[in-house]
Amino acid sequence: MLLSALLEDVDPICVTVPEDFEIASIDTNAHAVGPNSLFVVLPPSLALPHNDVTVALTRGAAAILSQVCVSKQARGQILVSSTPIALGRMLSTFHGRPSSKLKLLAITGTNGKTTVTWLVRHILRSIGIRCGIIGSLGAGINDELIPFNRTTPPPHILQPILAGMHAAGISHVCLEASSHGLALDLLAGTRILIGGMTNLTRDHLDFHGSFQAYAEAKALLFKEFVSLACFNVDDATAERFLHDFKGRSLSVSSAGKPANLVLTRIGPYPGGSQLRATYGSASERFTLPLLGAHNVANAAMAMGMSLLAGVELTDIIAALETAVAPPGRLSKISTRPTIFIDYAHIPLQFLIPAPVNHAKSAGA
């Protein structure tokens with residue numbers, strides 16, 4: 001791809017190139033550089049192993065993209081205000097801007113991201129939509145997921161995955177948007193249609209430094225990426241995000257707060273809960289075969305995001321009645337004795353079943 005084409009969405013500060021030329025690869029690892037490679041110098045706060053411009057030039061890098069002038073040996077130099085943002089946008093362009101050809105649904109929040117993406121994918125697949133998934137369990141089209149070591153993969157992994165999903169005939173992708181991924185601009189160049197916010201509890205403060213900075217990282221999804229959004233108003237931060245959001249929104253609650261969609265637990269169910277979904281004038285009973293009050297909240301989020309995606313309430317409910325927990329998220333591995341496995345770092349109180357609302361279940 002021509003360098004000029006790669007720079008269409010980058011808005012560089014300065015470009016020093018004698019002539020336009022083909023770029024064969026975009027690299028942050030100097031040891032992967034070859035002839036006609038564009039090497040991206042990351043800022044110190046994001047520097048990866050082997051992000052060494054001297055090695056890249058020795059291996060024949062044709063052009064260098066950086067935030068400051070680093071060398072005069074390269075055939076071309078491009079200065080930008082943010083190399084992480086430029087990297088994401090260029091990799092998107094390099095791979096054919098795949099997210100513009102897909103409908104991406106991204107979920108953020110401290111808890112529930114994996115389960116919500118899992119449930120939304122299940123709902124979409126139940127009505128015949130081909131849907132991929134990208135998150136802490138890995139990435140994939142079918143049930144086999146390719147693992148990677150980040151909840152939100154960096155652009156050199158994310159953009160090829162999206163391109164591959166589009167080539168395979170996928171139309172929708174459910175994506176976990178972590179606070180790290182948002183703060184580090186890993187989603188730059190990615191077009192997202194629908195966003196969702198579960199909650200915000202004290203976590204990852206070693207990275208963000210403060211609860212406020214953590215919240216601001218989450219808010220980036222709704223400020224910079226999405227035009228449709230679902231918010232869990234049982235959480236104070238998500239409710240604030242709802243009030244600040246400028247696009248079309250949908251609110252959900254599983255704790256009795258006023259919302260567009262309200263889930264109420266009306267009775268016990270072996271391995272789950274009996275629920276009533278209230279959405280506009282519709283009121284539907286169904287069983288959710290997932291344990292815990294936290295999974296009722298996850299189901300509410302999945303329902304809200306699916307409604308924004310255009311799925312009918314009756315189809316959503318039918319799908320949720322056949323839902324299974326994602327691997328490692330309070331998933332049953334034995335019946336006698338009953339054993340569950342759970343890798344999610346959530347407080348124990350979230351696993352306590354929500355109280356039954358007898359007033360609303362009477363005569364239902």
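The values are calculated or read from the model by the stated rules, or taken from the named source; none is laboratory data. Just so we're clear, the structure is a prediction, and the values are computed from it rather than from any experiment. Every residue, glycine as well, gets a Cβ built from its backbone with ideal geometry; the counts of neighbours run over all protein chains shown.
Entry remark, the stretch 271-286: residues being part of a loop (DSSP other than H, G, I, E, B) and either within 14 Å of Gly256 (Cα to Cα) or touching a Phe, Trp or Tyr at 6+ places or on another chain (Cβ under 7 Å) (or both) number 0 in total. Scanning for something outside the structural domain of Ser25 (by TED's automatic domain parsing), touching a Lys or Arg at 6+ places or on another chain (Cβ under 6 Å) and buried (at least 24 other Cβ atoms within 10 Å of the Cβ), does the stretch 140-154 turn up at least one residue? No, that holds for no residue. Counting only strands (runs of 3 or more DSSP E) wholly contained in the stretch 55-128, the ones carrying 2 or more residues that are farther than 30 Å from Val33 by Cβ and out of contact with any His (no Cβ under 6 Å at 6 or more places or on another chain) occupy 103-108.
Among the criteria (1) modelled with pLDDT under 95; (2) assigned by TED's automatic domain parsing to the domain that holds Pro154, the one Ala62 does not fulfil is (2).
Does Ala309 count as crowded, with 18+ Cβ neighbours inside 10 Å, under 23 Å from Cys131 (Cβ atoms) and at pLDDT below 95? No; evaluated as a whole, the condition is false for this residue. Of all the residues in the stretch 129-153, those that are out of contact with any helix residue (DSSP H, G or I) (no Cβ under 8 Å at 6 or more places or on another chain) and in a loop (DSSP other than H, G, I, E, B) number 8. Total residues in the stretch 260-275 satisfying the condition of being of a type in the set (Val, Ile, Thr) and over 22 Å from Leu242 (Cβ atoms): the figure is 1. Within the stretch 250-291, restricting attention to residues that are out of contact with any strand residue (DSSP E or B) (no Cβ under 7 Å at 6 or more places or on another chain) and either under 30 Å from Phe225 (Cβ atoms) or free of Cβ contacts under 8 Å to residues at least 60 places away in the same chain (or both), the residue that is surrounded by the fewest Cβ atoms within 10 Å (Cβ to Cβ) is Ser281. I'd like to know if the stretch 75-91 contains one or more residues that are buried (at least 18 other Cβ atoms within 10 Å of the Cβ), touching a strand residue (DSSP E or B) at 6+ places or on another chain (Cβ under 8 Å) and without any contact (Cβ under 8 Å) to a residue 60 or more places away in the chain. Yes, the stretch 75-91 contains at least one residue that is buried (at least 18 other Cβ atoms within 10 Å of the Cβ), touching a strand residue (DSSP E or B) at 6+ places or on another chain (Cβ under 8 Å) and without any contact (Cβ under 8 Å) to a residue 60 or more places away in the chain. From the list Pro268, Pro258, Pro326, the one residue that fits, being assigned to a strand (DSSP E or B), in the same structural domain as Thr198 (by TED's automatic domain parsing) and modelled with pLDDT of 70 or more, is Pro268.
Name the residues in the stretch 65-110 that are touching a Gly at 6+ places or on another chain (Cβ under 6 Å) and farther than 22 Å from Ala24 by Cβ, would you? Listed by number, the residues that qualify are Ala106, Ile107. Considering (1) of a type in the set (A, V, I, L, M); (2) without any contact (Cβ under 8 Å) to a residue 24 or more places away in the chain; (3) over 23 Å from Ala183 (Cβ atoms), the lone condition that Leu48 does not fulfil carries the number (3).
Looking only at residues of the stretch 191-249 that are without any contact (Cβ under 8 Å) to a residue 60 or more places away in the chain and among the β-branched types (Val, Ile, Thr), we find that the one that is farthest from Ser178 (Cα to Cα) is Val233. Out of the stretch 207-234, which residues are under 19 Å from the mean Cα position of the chain (by Cα) and more than 22 Å from Leu193 (Cβ to Cβ)? Once the filter is applied, which keeps residues that are under 19 Å from the mean Cα position of the chain (by Cα) and more than 22 Å from Leu193 (Cβ to Cβ), the stretch 207-234 yields Phe207, His208, Ala213, Tyr214, Ala215, Glu216.
Scanning the stretch 228-238 for residues that are assigned to a helix (DSSP H, G or I) and surrounded by 18 or more Cβ atoms within 10 Å (Cβ to Cβ) returns Thr237, Ala238. Return the residues of the stretch 146-176 that are over 18 Å from Thr114 (Cα atoms), more than 15 Å from the chain's Cα centre (by Cα) and not hydroxyl-bearing (Ser, Thr, Tyr); say none if nothing qualifies. Selection gives His156, Pro160, Ala163, Gly164, Met165, His166, Ala167, Ala168, Gly169, Ile170. Is it fair to say Thr54 is outside the structural domain of Ala167 (by TED's automatic domain parsing) and out of contact with any strand residue (DSSP E or B) (no Cβ under 9 Å at 6 or more places or on another chain)? Taking the combined requirement at face value, the residue satisfies it.
Residue count for the stretch 115-134 under the criterion of being of a type in the set (Ser, Thr, Tyr) and either free of Cβ contacts under 8 Å to residues at least 24 places away in the same chain or buried (at least 24 other Cβ atoms within 10 Å of the Cβ) (or both): the result is 2.
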